[in-house]
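The values are calculated or read from the model by the stated rules, or taken from the named source; none is laboratory data. As the structure is a computational prediction, the values presented were derived from the model and not from experiment. Note that we place each Cβ from the backbone using ideal geometry, even for glycine, and neighbour counts take in every protein chain shown. Please note that ligands, DNA and RNA were not included when accessible areas were found on the heavy atoms of the full protein model with its side chains. Shrake-Rupley method; radii C 1.70, N 1.55, O 1.52, S 1.80 Å.
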Amino acid sequence: MNEFRAPVFMSAKEVLGYDLPTYPYRMPEEQRTGQAQRHPVVVVGAGLVGLTVAVDLACRDIPVVVLDDSDTVGARGLSSRGVNFARRSLEIWDRLGMGHRVAEKGVVWNTHRTYQGADTIYAYEMNLDPDQKHPAILALQQYHVEQFLIERLAELGVADVRWRNEVTSVTSMPDHAVVEVQTPDGTYRTESDYLLACDGAHSVVRRSLGLDSAEMAFDRWFISDVKIDTPIARERHLWIDPPFHEGRCALLIEMADGVWRTDMQVGEGADMSDAVTPERAMERLDRMFGDDASYGIVWAGAYSFQFRALDQFRHDRIFFLGDAAHENPPFGGRGGNGGIQDADNLAWKLDLVLNGSAPDALLDSYQAERHPAAIENIAQTARSCWFLSPQSPGRRLLRDAVLSFSKTDPDIRLLVNTGRMSVPFVYESSDLNTTDADLWQAGPAPGTAAPNTKVDLLDGTDAASAHVFDARNHGFLCLYFAESAGDVSAEFRQAMRDITEQGVPFEARLIVSQKAADPEFLTFHDASGQAFAEYGANASDGYLLRPDGHVAARWRGWDGSGMESALRQARGEGPVVDSRTGKGDAGTGKLDLPDPPRDDEILFERLVSAVDSQADDMVVPFLRHLVLRLGLRTQSPDVLSNAVAASLKDLEPDLS
Ligand SMILES: Cc1cc2nc3c(=O)[nH]c(=O)nc-3n(C[C@H](O)[C@H](O)[C@H](O)COP(=O)(O)OP(=O)(O)OC[C@H]3O[C@@H](n4cnc5c(N)ncnc54)[C@H](O)[C@@H]3O)c2cc1C
């Protein structure tokens, strides 16, 4: 995303009471000696994604080197940038040992409110399930998260983080990467078995490899972080055509430290140097909050949003993650959260390959699994953008129709798309999955992220509230369901011991209906039956989860057999992975986007295309024909009468 520099209003420290931390530069040993060393993994970029993958690798005792051109967190100042972090990211950070810090610091909002003009047209509640460990979305300035990740890296102690080490070029070799680095003391060269390019939207690694693709710039937004005294409901407020910013959209969300994030659309062709002047910024904020409001601006600037995805995320020993690999507008928090899922997907695979427990082919599954995820995120955010800023007459016509009917018609309301929140991608067709051999009516299918269900952890017959992934290690996880611990067969126990002895990082946990702990396995009591229900399990069913929590395999009436072969499959020893899976054209930046997930959304898109394919003067005749045809197709006077009555009712406010 392109950033237009911020004007300075007053010291952010004055408003916030704190400043960003800075980290010391030290001349690297390699530069001092002039001797390049070969490291197992070098991460380029200590941003959100680079730090997440570095912490994951450090948790696995891999001595990772992290190179960053700056000496602080955040995006060139106290800009919140990423603000919405999804439940999935919190679960990943829990495993990395710092999720609790994000959860403690962040702000939870439960209502997602959309206005047209000054009126609410749609408000829905989130976080209605009290048994979830984390909210669906948590709001926190990205720089706080990055600081927690850096502190976690320091605690783990195995990483070598090098501040003010700017990577100037990278050369890809078949079995390693060569990195040229610029520091305040000059230049030096280092090498790595694997290089993870996490250097963001303007990736130097991407440029070095000649992979730069055209960006599709989309829309421009003025953004500011504001500390305000006026009370505002703790909700996500999104306005379409608000009275304080006519003809455009605006967004308001509370983050940590009493700071609110405001986003105001300024349009594709806007003059950004004018948009970010202090006068224009304050003019907009005064209109939003009212002349009497007292606020302090922490940061203000503007971003233009783009879509982009590399065709290939793996190039020999170089992997692209986060914004270096793919970019999308921020609606639904799919940029950073998607990048965190990249990190979660790659770290365990790299660990297994580096320690000789899996073949190199396992790493190809990163492309096969994460490229479609990136395309899905781009498609989802593109549709949100198109809704907020219709780019064609047909889209505007139908978007406006959805808005005008959505107050009264709950079916049409579902088409209001101001951002579909980030969720874990389903690796449905991954070659790492073992296909179900049994019939399952419910529960997460292979490739799906397993739910972190609420249970009670048993110690003898004492129980403490917990979730199934609490304090899990970084390996594979077997969840076995039983009526009681006493029902667990000797065959199952032996199978688990055999796996453990093979040296693959692995843990088995029991989920039981009767409240008594097993002496061998960590045991959870499922008093409410929720875990059995969410996993669609009966007694003696079991799941094998990958280290990233996605289902690798599941069995009914299971005695532990088949586990070894499922583990081999999940370690990339099954059929050859198709590393070219996924669509996209790196040369042109054109992306072949999949259809939306829901039928009503597909129908909406078809209608938009149909209207847009008409010349201006043919739109009304075309719609006349369409109404006639669809009306006759109902073959039911009642269905048609109901639709007519509903449409008339929807139009009532306009007719009055
Ligand atoms: C306005 C806005 C709102 C957003 N909202 C959300 C949201 O709500 N939720 C969400 O999940 N995401 C959001 N995003 C997206 C999110 O901020 C990015 O997806 C995320 O920062 C990507 O992380 P990254 O680590 O890939 O890249 P970055 O965060 O850009 O980090 C790249 C790092 O690499 C370093 N670097 C760059 N070049 C070099 C070099 N040559 N040598 C060494 N180091 C280098 C940089 O200094 C930086 O530290 C938003 C983005 C914007 C702009």
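So here's what we get for this one:
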quantity: Near pairs, Cβ below 7 angstrom, 6+ apart or cross-chain, from the range 99-120 (within 30 Å of ASP56 (Cβ to Cβ) and at pLDDT 95 or above) to any residue that is assigned to a strand (DSSP E or B) and among the charged types (D, E, K, R); calculated: VAL107/GLU254
quantity: Tabulated pairs, the range 78-90, first more than 8 Å from GLY333 (Cα to Cα), second open to solvent by 10 Å² or more (accessible area, probe 1.4 Å) and among the β-branched types (Val, Ile, Thr), C-beta under 7 angstrom, 6+ apart or interchain; calculated: LEU78/VAL298; ARG88/VAL423
quantity: Those residues of the range 423-452 which are hydrophobic (A, V, I, L, M, F, W, C) and farther than 21 Å from ALA531 by Cα, in sequence order; calculated: PHE425, LEU432, ALA437
quantity: Any pair with Cβ under 7 angstrom, 6 or more apart, that starts in the range 510-535 at a residue that is among the β-branched types (Val, Ile, Thr) and ends at one that is open to solvent by 70 Å² or more (accessible area, probe 1.4 Å); calculated: VAL512/GLU483
quantity: Residue within the range 178-193 that is in the same structural domain as GLN35 (by TED's automatic domain parsing) and within 19 Å of GLY322 (Cα to Cα) present; calculated: no
quantity: Tally of residues being in a strand (DSSP E or B), near the ligand (Cβ under 8 Å from one of its atoms) and either on the phi > 0 side of the Ramachandran plot or open to solvent by less than 10 Å² (accessible area, probe 1.4 Å) (or both) across the range 50-103; calculated: 3
quantity: SER429 farther than 18 Å from ASP526 by Cα, open to solvent by 50 Å² or more (accessible area, probe 1.4 Å) and under 30 Å from the mean Cα position of the chain (by Cα); calculated: yes
quantity: Count - residues of the range 432-484 that are assigned to a loop (DSSP other than H, G, I, E, B), of a type outside the set (Lys, Arg) and in contact (Cβ under 8 Å) with a residue 12 or more places away in the chain; calculated: 30
quantity: Complete set of residues in the range 452-494 that are of a type in the set (Val, Ile, Thr) and at pLDDT below 95; calculated: THR461
quantity: Residue list for the range 426-454, restricted to those being within 30 Å of PHE604 (Cα to Cα) and out of contact with any Asp or Glu (no Cβ under 6 Å at 6 or more places or on another chain); calculated: VAL426, GLU428, SER429, ALA442, PRO444, ALA445, THR448, ALA449
quantity: Cross-chain or 6+ apart pairs with Cβ under 6 Å, the range 294-322 first and over 23 Å from ASP56 (Cα atoms), then within 10 Å of the ligand (Cβ to nearest atom) and in a loop (DSSP other than H, G, I, E, B); calculated: TRP299/SER79; TYR303/MET1; PHE305/MET1; PHE305/PRO329; PHE307/ASN328; LEU310/ALA325
quantity: Where a residue in the range 142-159 is within 23 Å of GLY77 (Cβ to Cβ) and its partner, wherever it lies, is modelled with pLDDT of 95 or more and of a type in the set (S, T, N, Q), with Cβ under 7 Å and at least six apart; calculated: LEU149/THR52
quantity: Some residue of the range 273-289 being closer than 21 Å to LEU16 by Cβ, crowded, with 24+ Cβ neighbours inside 10 Å and within 12 Å of the ligand (Cβ to nearest atom); calculated: no
quantity: Number of the exception - TYR124 against (1) hydroxyl-bearing (Ser, Thr, Tyr); (2) modelled with pLDDT of 95 or more; (3) out of contact with any helix residue (DSSP H, G or I) (no Cβ under 6 Å at 6 or more places or on another chain); calculated: (2)
quantity: Residue that is nearest to ALA201 (Cα to Cα), among those in the range 290-315 that are part of a loop (DSSP other than H, G, I, E, B) and open to solvent by less than 10 Å² (accessible area, probe 1.4 Å); calculated: LEU310
quantity: Residue satisfying condition, being open to solvent by 30 Å² or more (accessible area, probe 1.4 Å) and closer than 26 Å to GLN569 by Cα, within set GLN502, GLN530, GLN514; calculated: GLN502
